[in-house]
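Some notes on the structure that comes next.
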Amino acid sequence: MKNYKKGLLCIMVLSAMPLIAAENKTIYVNTFDDEDNINADKCSLREAVQAASLNKAYGGCSAGNTLNGQKDIIQLEAGEYKLEKEISPTSQIIIQGKSPADWGKKSPLTNDYPLMGKLVSKISGQNKTRLFNTLGSESALTLLDVELTKGYSKGDGGALYVAGPLFMDNSAITASKSEKSGGAVYFVAQNSEKSLSLNHTLVEGNNAITGSVLAMDCTANLIKTKAKISITNSSIVKNGNLNNSSSTLDFCGYVVANLSANTIAKNIASSSNSSIINNVDSTGHPLSLLSSLILNSNTIVENTANNILYY
């Protein structure tokens, strides 16, 4: 009887294995080329985002999670994905880079496993294009273990132009530029409260005239936009330049901002009325009386500006 039960259990497990495999809805990107439906054997990042939006196979990508309202997970490999033009997601997606964790080594800071190495999955705009734009869809974008680099826009938002929820964890935005506002991120909260969250994220070497790291849309439909911003355990370093940067973090509209346990260092805002953190009501830059700014346990050192905090 015991052998019969063991045999039955083995059959049940083996029978369930194809079903378990079939439940894996992750879309795996297997080419660094920025192709769009030209090679059925290759799944590019652009095609993966499109497959997630369509809820069906596209290019060389699988359909992903086809249940309505569910987020799709897009898995990247180690390497650099070079975009020829921006990507505009129209559904909720999670873009996940290859983990930089080394479970064979201990962290010298925590004396525990794993040792976190440098990010190995990068998405590059090659200094000629913005990376992501969710203005049209207001869809949620989550980035994990990914470095966004070398984004560029003649308008707002060098790397990211977001109008929906944005969450980044253990990621980075580097070397991106806007000719106007939001060198790393330009944030628009159009119709309802939207959230932006950066956790364990490096923001370095970005530049714009207003908000070399972050700038916002102040009004939409004649009312102050409502945004909830959280930046925690992150490093905001070496952003802005001596020529034309007026601020690093630029808050406006109806904003609830919480900056906790960050390092904000060696940023530059150069004009005579410049600020590292700009949080004031002024002409063309409305700030609601209901707005709030919480600074908790941050290290803010070696920045260059007329004001460090203009509040």
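Can you pull out the residues in segment 276-307 that are modelled with pLDDT of 95 or more, in contact with a Ser or Thr (Cβ under 9 Å, 6 or more places away or on another chain) and assigned to a strand (DSSP E or B)?
I276, I277, N278, I294, L295, N296, T299, I300, V301, T304
Output the number of the condition that S270 fails; it satisfies all remaining conditions of (1) under 13 Å from N303 (Cβ atoms); (2) at pLDDT 95 or above; (3) touching a Leu at 6+ places or on another chain (Cβ under 9 Å).
(2)
Which residues, taken from segment 109-143, are part of a strand (DSSP E or B), more than 19 Å from Y186 (Cα to Cα) and of a type outside the set (K, R)?
Passing the criteria: L115, M116, S121.
Got a number for residues in segment 218-236 being over 17 Å from the mean Cα position of the chain (by Cα) and either aliphatic (A, V, I, L, M) or part of a strand (DSSP E or B) (or both)?
Count: 6.
Regarding segment 210-228, can at least one residue be identified that is under 21 Å from D145 (Cα atoms), buried (at least 18 other Cβ atoms within 10 Å of the Cβ), in contact (Cβ under 8 Å) with a residue 12 or more places away in the chain and not charged (D, E, K, R)?
Within segment 210-228, one or more residues are under 21 Å from D145 (Cα atoms), buried (at least 18 other Cβ atoms within 10 Å of the Cβ), in contact (Cβ under 8 Å) with a residue 12 or more places away in the chain and not charged (D, E, K, R).
Would you check which residues across segment 91-125 are hydrophobic (A, V, I, L, M, F, W, C) and either touching an Asp or Glu at 6+ places or on another chain (Cβ under 9 Å) or within 24 Å of P165 (Cβ to Cβ) (or both) and list them?
I93, I94, I95, A101, L115, M116, L119, V120, I123
State all residues of segment 91-111 that are among the β-branched types (V, I, T) and either farther than 29 Å from R46 by Cα or surrounded by fewer than 17 Cβ atoms within 10 Å (Cβ to Cβ) (or both); if no residue qualifies, say none.
Hit for segment 91-111 is T110, nothing else.
Assess whether S44 counts as being at pLDDT 85 or above, crowded, with 18+ Cβ neighbours inside 10 Å and either of a type in the set (G, A, S) or closer than 25 Å to T134 by Cβ (or both).
Yes.
Of E147, E86, E77, which residue is surrounded by 18 or more Cβ atoms within 10 Å (Cβ to Cβ), more than 13 Å from the chain's Cα centre (by Cα) and modelled with pLDDT of 95 or more?
E86
What are the residues in segment 112-142 that are small (G, A, S) and either in contact with a helix residue (DSSP H, G or I) (Cβ under 6 Å, 6 or more places away or on another chain) or surrounded by fewer than 16 Cβ atoms within 10 Å (Cβ to Cβ) (or both), if any?
Across segment 112-142, the qualifying residues are G117, G136.
Look at G157 and say whether it is outside any strand (DSSP E or B), modelled with pLDDT of 95 or more and not acidic (D, E).
Here the answer is yes, as G157 does meet what is asked.
Collect the residues in segment 166-189 that are at pLDDT 95 or above and not in a strand (DSSP E or B), keeping them in residue-number order.
If the condition is that a residue be at pLDDT 95 or above and not in a strand (DSSP E or B), then N170, S171, A175, S176, E179, K180, G182, G183, A184 are the ones that fit.
The values are calculated or read from the model by the stated rules, or taken from the named source; none is laboratory data. These numbers were taken from a predicted model, which means no experiment stands behind them. Backbone-built Cβ (ideal geometry, glycine too); neighbour counts: all protein chains shown.
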